[in-house]
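The values are calculated or read from the model by the stated rules, or taken from the named source; none is laboratory data. Keep in mind that what you see is a predicted model, and the values were worked out from it rather than measured. Cβ placement follows ideal geometry from the backbone for every residue including glycine, while neighbour counts extend to all protein chains displayed. Ligands, DNA and RNA are excluded from the accessible area calculation, which covers all protein heavy atoms including side chains. Shrake-Rupley method; radii C 1.70, N 1.55, O 1.52, S 1.80 Å.
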Amino acid sequence: MSGGATYILSMIDKQIIEYMAIAHGFFNTVIALAILYQGWCGLRIRRTRIAGAPDFALIRTHRKLGPFLVLFGTAGFLFGVTLARIDQGKVFTYPLHFILGALIALSLLTTFIISRKIKAGPLWRTPHFAIGVAIVVLYALQVLVGLTVLF
């Protein structure tokens, strides 16, 4: 292949990677907003349960949405790791962004596992709530750090 063709292919590759980075950021921002909605639902569930009038429709929504958010949030992290590996040749290029993403994925999986135990006993509600709050905070930080990575 001639030098000009190689240059053009490398430019196309860089452009695709840039678009993938934007897609990664957009996807995870949508997931972060959905997590925020999930947290808001969780707070409403907690308040209505404490008041003695649980909102079962909201509980159903919260239970149905949770596994999808865990799946898509973890997939967003794995996509980011893959993108960093393809673009930079290593995963730990942006250490803070990587660590926050790993903590989010771990927290999502942990809160999912804990949520399955809530039916067995109410003692699991408080850890589920605390990790849920941590996830919202971590996502907010991750979005800010991600913006610095993009620009």
message: Which one, Tyr139, Tyr37, Tyr19, has the greatest fluctuation when you compute a Gaussian network model over the chain with C-alpha springs under 10 angstrom?
response: Tyr19
- request: Percent of Cα-Cα pairs per 5 Å bin, from 0 to the last occupied bin, for the range 82-151, please list those.
  value: 3, 16, 21, 19, 13, 10, 8, 6, 3, 0
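Please get the size of the charge dipole for the chain, origin at its Cα centre, with Cβ charges of +1 on Lys and Arg and -1 on Asp and Glu, quoted in debye to the nearest 20. Present the calculation step by step, with values, prior to reporting the outcome.
On the way: 14 positive and 4 negative charges, 201 e Å.
That gives the chain a dipole magnitude of about 960 debye.
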task: Check the straight Cα-Cα distances from Lys119 and name the lysines below 24 Å, setting aside those fewer than 8 residues away within the same chain.
output: Lys64
query: Using the heavy atoms of the protein chains alone and a 1.4 angstrom probe, what is the accessible area of the chain per residue in square angstrom?
result: 64 Å²
- prompt: Considering the chain as a Gaussian network with a 10 Å cut-off on Cα pairs, which listed residue, Phe56, Phe26, Phe79, attains the greatest mean-square fluctuation?
  reply: Phe56
message: Given a 10 angstrom Cα cut-off, can you work out which residue in Ala102, Ala120, Ala23 is the most mobile in a GNM of the chain?
response: Ala120
statement: Candidate cut points under trypsin sites (Lys or Arg not before Pro) in the range 55-146, DSSP loop plus at most 16 other Cβ atoms within 10 Å of their own Cβ, are Lys90, Lys119
field: For the chain, the spread of Cα positions along each principal axis, largest first, Å
entry: 74, 25, 24
statement: Computed ³J(HN,Hα) along the range 41-48: with the Karplus parameters 6.51/-1.76/1.60, θ = phi - 60°, integer Hz and x for glycine or proline, the list is 4, x, 5, 5, 4, 4, 5, 5
task: Using only Cα atoms, find the angle between the long axis of helix 56-88 and the longest principal axis of the chain, and express it within 0 to 90 degrees, rounded to the nearest 10.
output: 20 degrees
statement: Taking a straight Cα-to-Cα line shorter than 30 Å from Lys90, and setting aside same-chain lysines fewer than 8 residues away, one finds Lys14
- line: Label model pair Lys119, Val91: point-to-point distance (7 angstrom along the Cα→beta-carbon line) in nm is 3.3 nm
task: Using a Förster distance of 30 angstrom, determine the FRET efficiency expected from the C-beta separation of Thr148 and Ala53, and round it to 0.05.
output: 0.10
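At a 1.4 Å probe, what is the % contribution of carbon and sulfur to the accessible area of the chain? Before the final figure, lay out each step's value.
Numbers: 7220 of 9740 Å².
It is 74 percent, rounded to a whole number.
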